[in-house]
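Enquirer: Just dropping this structure here.
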Amino acid sequence: WGLLLLQVALGATAAARCPAPCVCDNLRAHVLCLNGSLMAIPDTIPELTKKLDLRGNSFMVIPAGAFLATPYLTHLDLQRCKVERLEEGAFRGLGRLVYLNLASNGIAFLYQESLDGLFSLQQLILEGNRIEEIQLGAFGHLGSLTVLDLRANALVYLPDMVFQGLQVLRWLRLSHNALHVLGSEAFAALPALRRLSLDHNELQALPGEALARLDGATRLDLGHNPITYVAEEALAMASLRHLFLDHASLQDVAPDAFARSPQLRVLDLRENQLQGLPPLAGAGGLARVSLDGNPLLCSCLLRPFHKWLARARVQAEGACAAPPALRGRSLDSLKPPEMRCGRLRPPLSPTTPPEQPRAAGSRQCPRGCVCSPDFHHGSCENRDLREIPRDFPGDTRLLDLHQNPFRTVPPDAFPGLKKLVSLHLQSCSIRVLHPGALRGLGSLVYLYLTDNHLSTLAAAAFEGAPQLAYLDLDHNAFTHVPAGAFRLLPNLISLHLQHNAIGELAEGDLAGARGLRWLYLTGNAIRHIAPAALAPTKMLEKLQLEGNHLSEVPTAALWGLPALSELKLSRNPIKHMGDSVFLPVASSLQHLHLDNMGLERISPHAFTGLGPKIKSLYLESNKMSNIPNMSNFTGLEILNLQDVPFHCDCELLPLRRWINKLNLRVGATCGSPAEARGLKVKLSTTFLTCPGWGRGEAGETNPNKTKAASKPSKKKRSGKSPARGFSKSGV
């Protein structure tokens, strides 16, 4: 009772000093300071606070000892606070904290002492930051952590022992990064891990050596990685039961690929490029294989796998893509006699000599380089090489040569590498890619030329590499898109030309890029896009033009793009938006970014044609005082209206009513008149005198009346009314 009285007394004192923009619930020891303009952590938060919600503020830096005054915190939410740096000791004193959410900030590095003092922490959410590097020891003080979420960051490499100290971690989430290199001991310090999410990265081979350290993991997500092949005994995970390799680039799987994962029960291989599989004899416990979305060739070549499915009693999901007579037939409906070869493959001529075994010399590796026969990788990164080395093994699939001062790539620079899939030439001071430079690379899919000095490209440079799908030319010296350079690349899917000095997009620049789906032009100096500039790219899905010099929406250039689902125009100096500016892509557009443009006026008919398909709309940090009617945007999942100076008079009443019905946090505040400045649009009293007020706002003028009136139906409506749900979270 003494402790209770002390808490009540402290609570009364705390109520008197609750920070001005915050709401304090002393009974539950909760403090909410949402979507405000706080620049620093308030120092008057009640000492006994257990849950502190600071979402949507602008802290930039969390200084050392920022929460020393609130030692009883158990939950801390710092989402969307523009945090860029965590100083060493930022969370010192929070020994009771079990939940910390730092998602959607701008954190780039985790230093050794950034998370010091959080020895009770169980969940750490770092999703959606810019983390590129994690210093060894950064997690060394988090001995109670069970969930670590690092999704959607900029991680490329995981060094050995990077997760040291996480002795009880059960789920590690690394999805949606750019990981393509994992240290062999990267996961060595995770004895309790049960689930690892590595999907949506740039892994080009199964990182078997690193994964072998995870004896207790039962689920592994590797989908959406450009993995082309799973080699013999590639995966040695003693407890693994669920393996997801869906939406990768798999063309082949070795018969004994999973022989060292005896507990494997479910294998997901959906949406790959597999024409078939061998009998997976080593996977004795397998119960289900998912092959939907693969171009399965149901010929005699598939019979051994089909027989194995029946003998091992494995359920298979998938359907034949060929031959035509069997197209669409499910695997489990096939009979062996139906699976014929016929004329699908010409017989081997008796005069054709059999393929000779590779000579012992094929395993040689250029001096100073490292070649991994198990993963078919070659690496000579950062060796100060002046010429591109030769004599790599002929079965090399990934070749990493970045950070060498080559300056030029001569013709026929990569002889004998017809199986090469991925080539890394970042930061090599390259000024010229000569005609024929890639000749002979018939399997090349990925080419990385980031951070070089290229200013022009000839189509002939890509001669002999027709399968190239991903081309990264970010951070070079292009002043224009090299016209016609892509006409020999019919399979080009993704083109990165970000952070160059391109001034315009002209007709013919993208000639031949008929399969292009993603075009990244962020951070250039583009002032004009010709009406026919994008005409060749009829399959384009993403167009990123953020941070250029466009003064108007390039409406004419958007015609003929029936698949465009994402358009980014953020940080362009577009001041006025006229009628029907998005009409050409209205039937397909789902994500529209119009933030940070200084936008002053949007025509009432600017969004003509847009409607339920729009899922996210970003309009924050602009200067307009009103926006068009968007009542038909019924599919919205994200709407950001922060830092827009709305004029809260009767003309804004329709918008006020609409956002009041949304079950979304949109951040809309009044910029004028003076008596409403800074108030949430939903809470402004300037609408009370408007004609028609009350027809859609029953009881809202009297909060006490609203509460009393709604009491009888509280149970029936709880959590289901969009208006009530939004009222709780604020606008």
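The values are calculated or read from the model by the stated rules, or taken from the named source; none is laboratory data. Note that the structure is a prediction, hence the values are computed from the model and not measured. No Cβ is skipped: glycine too gets one built from the backbone with ideal geometry, and neighbour counts run over all protein chains shown. For accessibility, only protein heavy atoms count, side chains too; no ligands or nucleic acids. Shrake-Rupley method; radii C 1.70, N 1.55, O 1.52, S 1.80 Å.
Enquirer: Do you know which residues across region 43-60 are of a type outside the set (A, V, I, L, M) and not in a loop (DSSP other than H, G, I, E, B)? Give the steps one after another, and end with the answer.
Expert: Residues of region 43-60 that are of a type outside the set (A, V, I, L, M), as a first pass: 43-44, 46-47, 49-51, 53, 55-59.
Scanning region 43-60 gives Lys51, Asp53.
Enquirer: Restricting region 275-296 to residues that are surrounded by 20 or more Cβ atoms within 10 Å (Cβ to Cβ) and touching a Gly at 6+ places or on another chain (Cβ under 9 Å), which is farthest from Leu243 (Cα to Cα)?
Expert: It comes out as Leu296.
Enquirer: Then there's this: Cβ-Cβ under 9 Å, sequence separation 6+ or interchain: first residue in region 570-595 and at positive phi, partner in a strand (DSSP E or B) and crowded, with 21+ Cβ neighbours inside 10 Å. Which pairs?
Expert: Taking only residues 6 or more apart or on different chains, not a single pair turns up.
Enquirer: Give me the residue from region 481-495 that is in contact with a helix residue (DSSP H, G or I) (Cβ under 9 Å, 6 or more places away or on another chain) and open to solvent by 10 Å² or more (accessible area, probe 1.4 Å) and, out of that set, modelled with the lowest pLDDT.
Expert: Restricting to residues being in contact with a helix residue (DSSP H, G or I) (Cβ under 9 Å, 6 or more places away or on another chain) and open to solvent by 10 Å² or more (accessible area, probe 1.4 Å), the top hit is Gly484.
Enquirer: Checking the conditions here, which among Leu441, Leu423, Leu399 is open to solvent by less than 10 Å² (accessible area, probe 1.4 Å) and farther than 20 Å from Ala485 by Cα?
Expert: Working: Leu441 fails: farther than 20 Å from Ala485 by Cα; Leu423 fails: farther than 20 Å from Ala485 by Cα.
Unique residue meeting the criteria: Leu399.
Enquirer: Test Leu196 against the stated conditions and say whether it is over 20 Å from Leu214 (Cα atoms), open to solvent by less than 20 Å² (accessible area, probe 1.4 Å) and not in a loop (DSSP other than H, G, I, E, B).
Expert: The answer is no for Leu196.
Enquirer: When you check Arg265 against the structure, is it within 17 Å of His242 (Cβ to Cβ), open to solvent by 60 Å² or more (accessible area, probe 1.4 Å) and assigned by the TED database to the domain that holds His247, yes or no? Lay out the reasoning, then the answer.
Expert: Working: within 17 Å of His242 (Cβ to Cβ): yes; open to solvent by 60 Å² or more (accessible area, probe 1.4 Å): yes; assigned by the TED database to the domain that holds His247: yes.
Answer is yes for this residue.
Enquirer: Return the only residue of Leu550, Leu540, Leu505 being under 28 Å from the mean Cα position of the chain (by Cα) and closer than 23 Å to Asp451 by Cα.
Expert: Values: Leu550 fails: closer than 23 Å to Asp451 by Cα; Leu540 fails: closer than 23 Å to Asp451 by Cα.
Exactly one residue qualifies, and that residue is Leu505.
Enquirer: Further, regarding this structure: Identify, from the list Asp268, Asp215, Asp199, Asp256, the residue that is acidic (Asp, Glu) and over 27 Å from Arg170 (Cβ atoms).
Expert: Working: Asp268 fails: over 27 Å from Arg170 (Cβ atoms); Asp215 fails: over 27 Å from Arg170 (Cβ atoms); Asp199 fails: over 27 Å from Arg170 (Cβ atoms).
Only one candidate qualifies: Asp256.
Enquirer: Can you tell me which residue within region 94-136, out of those that are in contact with a Ser or Thr (Cβ under 8 Å, 6 or more places away or on another chain) and of a type in the set (Gly, Ala, Ser), is farthest from Ile62 (Cα to Cα)?
Expert: Ranking the candidates gives Ser120 first.
Enquirer: Please count how many residues of region 77-110 are in contact with an Asp or Glu (Cβ under 8 Å, 6 or more places away or on another chain), closer than 22 Å to Leu136 by Cα and acidic (Asp, Glu).
Expert: Selection size over region 77-110: 1.
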